[in-house]
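To start, the structure itself, in structure tokens.
The values are calculated or read from the model by the stated rules, or taken from the named source; none is laboratory data. Note that the structure is predicted; figures quoted are calculated from it, not measured. Counting neighbours? That spans all protein chains shown, and the Cβs are built from the backbone with ideal geometry, glycine included. Surface accessibility is based on the protein's heavy atoms, side chains included, excluding ligands, DNA and RNA. Shrake-Rupley method; radii C 1.70, N 1.55, O 1.52, S 1.80 Å.
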Amino acid sequence: MNKPLQYKVRPTVIIDIPLQEGVAVLHPEQIVVRVGRTTFDIGSFCFATRDASPVGGQKKAVRGVVVESLLPYRPGEILKIILYLSSLLTDKGLRNDTIITVFKYFCAYLNWADRNGYFGCLTNNSELRNILEAWFRECEEQFKKGKWVGSHAWANQSGIAILLSAITGRPDLQKGLRFLKFRSGNAGTDPAPEGDFALVLAINEALFTGLSDLVLGNRPYPFKLPMPKLPGWQDDFLWLFPTHRWYLPPHLQGEARVTLPSPLWSFDFINGRVANFGDIRQYYQMPCHARLSIRHAEEAIRKANTDERNVYRRQAAITAHDSFLLLFMAHTGLNEAVIRELRWEGEILFDAKQQGFREIKWRAGGKVVSALVRTKFLPLLRKFLELRNYLLKDADCDRLFISVSKTLRKPDQIMKCILGKHYGRTARIYQDVPNISARRLRATMHEWYYRNVDPILTARITGHTQETIDKHYQAGTVGAHREEVTTFLDKVANRAHALKRILPAGEHVSGATKGPLGECEKLKGPSPIMDGVPITPTCKEAEGCLFCKRHVVKADEEDVRKLASCAYVIEQTIYFPGAETHFRPTLALIDEYLDDIKSILGAPDMVDSVTADVYQNGNLAPYWAGKLALLDSIGILL
């Protein structure tokens, strides 16, 4: 009978990524890396046999190992991984979130490899390519089983391929690998309804402005907090008191208050005062309890009004901070991960005014991040910086947005879940507040600017090119855009067939010029195949040729290779923001061409063979091979 495995806890050392100057990693098998607040027991991967779960009670997520299973060559390989990922933060300026994601891909790969006996999965030898191909098949299998979504499976493939190429010094390791092909079912994030968006901004601006006045102005309790006129509310304000339930919204007043576990009768939330004995006597079994409750309420108010850093004032400041965070997301359109990384260096950098907007700049992840905001937003920003100083007091934190609580020894970076928690807090004030995610706030802001601001300025505000702005937002919501694209592609396909844009192999068009995607009947005389094409043919962008009346594709190996090569190159860059929306019609039309050559013109074996040669062996058409090499040389490819 086999003995159960005896996992042991080995000595460990926590090191922070990126590595500080002068820090040397002497024993990789002992290392637990920490990125921000997240830890990875990377040293455990030096052992072939390790526990799947961290040892109970260990905050640093240490895993038990079978000490005798130490792989003698693995510590050196793990050291290379640590140094490489550290360099991505220091030299490439990547964010902590990105490095954490790469670590997760790495852990999944190592666990799979060691479980299947691929102990040379990090070793630069002839077997590494075979192991990598097996990993690619594993990712595709997980996708086919529905366990992984397409984007996750593809990211695991590309992330590990890049990582192995970097630590082995073999850029050719990825050549010819067949990356997972999938079509995302989401072309973008739908903007929120205008009414919901306006309601969320109105509530949060009222919370931020009012609570900041309470804290920074040391205003006395009871404090009358101005609120927008909300549906179902008779008044446009809330009375605040220094107690654990510091407000009582209308839906909890009246009969609903009687059912609360702690109704706090001594606080008159309707009239903004301490309650009279006669008003609350009925709610207590003994008169002395009612009088004691009133004395406690008066004492709580006295303490709060004589201490500018009273615990309830600090709680109000935290709520105001989180309200401004939401406003900042909505006004700047910055990505949530970028906002978490924004640094504060003591001053705001402004550029000149432009049509009622100002450009503000910060550092984030080693890069300068800028955002264009409306001028009237700046007073809110300045008030937030005062509020931030209040929260920090004598402490220090280099982040623009901070997390302050009793459980933290010092102010720190905000957590990923902060927006969700803030919505939960806001819903206790107004039950029907819409929960608009950070991504949807960004999408709504972009669409609003497109419809209300000059297109050139909109491109600067949103960080897109004007062409992308026109293509992505002109149709309104993303759902409507998807429907229009589908309808358009049906029309284009029918139009292409009607004009006989695909010729049988061996046929020629007199005077035609060979191009990157087929042949052109009349060079420098582009003409769209129909109105409203997604990429206007200009004879400058090869992708536009597919949407030109002059373009011809022949059902032969040469043109099929051109089409497949174009699709391959596009798929290597599809991860860029907005790229999928921009290139989706091109990829779909290439699929139409290839399907037609296979079915209508009877060449399925040739199409499959050439496509496989492109994706598996990397034998691209010369034009697209050169374009791929260019993208790789300037660091565009993952």
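Mind checking the alpha-carbon convex hull of segment 72-126 and giving the volume per residue in Å³?
In segment 72-126, the Cα hull volume divided by residue count equals 85 Å³.
Suppose R0 equals 60 Å; then what is the FRET efficiency for Ala198 and Glu507 from their Cβ-Cβ distance, rounded to the nearest 0.05?
Values: r = 60 Å, r/R0 = 1.00.
That pair, Ala198 with Glu507, gives E of 0.50.
Computed from the mean reciprocal separation of all distinct C-alpha pairs, what Kirkwood hydrodynamic radius does segment 151-253 have, in Å?
Working: mean 1/r = 0.0523 Å⁻¹.
Computed over Cα pairs of segment 151-253, the Kirkwood hydrodynamic radius comes out at 19.1 Å.
Which of the peptides 196-206, 518-528 is most tightly packed, and how do the rest follow, judged by the mean count of other Cβ atoms within 10 Å per residue?
Most protected by this proxy first, the peptides run 196-206, 518-528.
Express in nm, to one decimal, how much length is gained between Leu26 and Asn271 on full extension, taking 0.36 nm for each residue of separation and deducting their alpha carbon distance.
81.5 nm
Ranking request for peptides 224-230, 44-50, 314-320: highest mean number of other beta-carbon atoms within 10 Å first, then the rest in descending order.
Result, highest mean Cβ count within 10 Å first: 44-50, 314-320, 224-230.
Count the lysine pairs in segment 8-168 whose Cα atoms lie under 26 Å apart, taking only pairs 8 or more positions apart in sequence or on different chains.
Count of close lysine pairs: 14.
Taking amide hydrogens as modeled 1.01 Å from N in the peptide plane, which residues meet the under 5 Å criterion relative to Asp16, leaving out close sequence neighbours?
Under 5 Å from the amide H of Asp16: Arg34.
May I ask you to give the average projected area over all directions of the convex hull of the Cα atoms of segment 8-168, in nm² rounded to one decimal?
Approximately 9.6 nm², given one-decimal rounding.
With a 1.4 Å probe and all protein chains left in place, how much accessible area per residue does segment 231-307 have, in Å²?
Roughly 58 Å² per residue, with all protein chains present.
Hey, what's segment 8-168 come to in accessible area per residue, 1.4 Å probe, Å²? Intermediate results must be reported in sequence, preceding the final value.
On the way: 7410 Å² over 161 residues.
The answer is 46 Å² per residue.
Going by average Cβ neighbours within 10 Å, how do the peptides 545-553, 506-514, 267-275 rank, with the highest at the top?
Peptide ranking by packing, descending: 545-553, 267-275, 506-514.
How large is Rg over Rh for segment 241-296, taking Rg from the Cα atoms and Rh as the Kirkwood inverse mean of 1/r across Cα pairs?
On the way: Rg = 10.8 Å, Rh = 11.6 Å.
Taking Rh as the inverse mean 1/r over Cα pairs, Rg/Rh reads 0.93.
Can you work out ³J(HN,Hα) from phi for every residue in segment 222-239, in order, using Karplus 6.51 cos²θ - 1.76 cosθ + 1.60 and θ = phi - 60°, giving whole Hz and x for Gly and Pro?
Calculated HN-Hα couplings, in order: x, 10, 8, 8, x, 10, x, 6, 8, x, x, 9, 7, 10, 10, 7, 10, 8 Hz.
Hey, rough spin-label estimate for Lys104 and Lys224, points 7 angstrom out along Cα→Cβ, what's it come to in nanometres?
It works out to 4.9 nm between the two label points.
Within segment 282-307, whose backbone N sits under 11 Å from a point 7 Å along Cα→Cβ of Val258?
Answer for this model: 283.
Each label point is 7 Å from the Cα along the Cα-to-Cβ direction; what then is the distance between the points at Ala427 and Gln282, in nm?
3.3
Under unit Cβ charges (Lys, Arg +1; Asp, Glu -1), what dipole magnitude, rounded to 20 debye, does segment 62-184 have relative to its Cα centre?
440
Let me know the Rg and Dmax you get for segment 195-325 when you use only its Cα atoms, in Å.
Values for segment 195-325 (Cα only, Rg and Dmax): 15.6, 50 Å.
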